[in-house]
Each structure stands twice: as structure tokens, then as C-alpha cells.
């Protein structure tokens, strides 16, 4: 329609040729309906349906073959399509065999060591923020440490506030080991996931993931240890998680990236030295 309209506009024509409308398809469908209806009613109805369908098929055939029937339709100036403007932009497409045409995301990854150090850095900041909360809110840095160890030692969740403010060697050791191990594991997970995030990965990973993790911990702890859950300041907990995510994500993102094997040349994947490699050395 648009091509005919454009051509007619170019030549100044006022009418275009379109396929002529026909009612034979509907008559043919009606005949088939009667033909099938006669199977469960009376054979006369099937005969009538067959005759109608045969006549409709003949009429439909003659409107298309050997020459398709057309009719002239007036062109309404208001409905003429606007001229197509050809832009100067072009889409650059990768060709088969071109380097990188089958590369999967991500092309580069962070080493596990970056996740290890990023987890330790984020865990240190998180611990410092938690101790800062304990110092200002409970006048003791041991309060958040004892609460953290309450995940491993459930009895600490039912201790009094005065007891939680005191130093506990067993609780301190459990908190250090547990917090360090979890921080490293989350840091390694960040190192794996950061290359798959969109632009500004440290920012999104440092905000979205901590908020999601905080909600998951709050929901789970409410069922596991409600007494401990009621003693935690969740707004400050989220702040600590954000500190871990932003610092850990920044340290990992700043680490040296490693190209995946899919980006290596055939010689590199075969661990062969080529003249090009020697030139780069």
C-alpha cells in the first residue's frame, strides 16, 4: 500500500489498483459448514452444502486465476504517507569470521584474589561501622561483636544488654572467624558477578546487593533467632552492608582484569609462541 501510494504521488496519479473484494470465500465456508452438518443431520443438507461449496470454489478461482481481478481506488491526499527520510547513519555489523563475533559476555573477569582482598577490605569497613554504632548507641564496641557471634552461639541472643556490652573471648573469636569467612566468600562472589553487571558495576553492586542481602538476613533471622533479631538495629545494619558493598566492589573493580580464553588467539590457546608474541615482549 505504501509503495503504491508513494509511486502514485510521484507520478501525480489520483487512483491506485488494489485486489478486488470478493464474497466467494465466505460462501465457500458456508458450504463446507452445511456439508459437515449433514453428517449428523440429513444427507440432503450435505448435498446442498457440497453444491454451494463447489460453486463458491469455482467463483473464487475465477477471481484469482488466470488474472487477478483489481479495482481502482481513489487516493485521499490526507492519507498519503509522508516521504521517507533517508538518514546518514549506518549499522555496523560483525561479519562471520571477524574477531569477536562469537564472544560471550563477559570478555574479561576479575581474579579470585581480587575477591579475597575486596572481601577483606569491605569486611574491615563493615566491622568499623558496626563498632562505631556500638560505641555511640550502646557505649561499647563489644555489643555488635557479641550480637554477631550470637548467630553461632544462640544463647547470646537472650543475654542482657549489660552482658552484651562486656568482652567475651569466645564470642570475639567466633565473630572474627565467622565475619572474616563470610566477607571473603561474598568478596569472591562479587568478583565473579561484577563483570556481568551493566555500566557503573561497583555502584549498583554496592547498593542493590547489600540491600537485597539485608532483607534476606532479616527475614531468615526472624525465624531462626527472634530474640537476636529484635536486638539488631536494622537501619544501621543496612549502612554497614552498604559500606561493605561499596568498598569491596570498588577494590575488586580496580583490580587487573583477566581476558577469558574465548578472546585468545589460536596460538595463545595452544600455548605456542608466535612472532607477534615475541614483538610484544
Suppose R0 equals 51 Å; then what is the FRET efficiency for residue 161 and residue 256 from their Cβ-Cβ distance, rounded to the nearest 0.05?
0.60
Using the basic label-point model (7 angstrom from Cα toward the beta carbon), what is the residue 192 to residue 23 distance in nanometres?
7.0
Output needed for the range 108-262: three equivalent-ellipsoid semi-axes, defined as square roots of 5 times the C-alpha gyration tensor eigenvalues, in descending order, whole Å.
31, 15, 13
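Bear in mind these aren't lab numbers, they're just calculated from the coordinates by the rules spelled out. Every value quoted in this text rests on a predicted model; they were computed, and no experiment measured them. Here the Cβ is made from the backbone with ideal geometry for all residues, glycine too, and neighbour counts use every protein chain on show.
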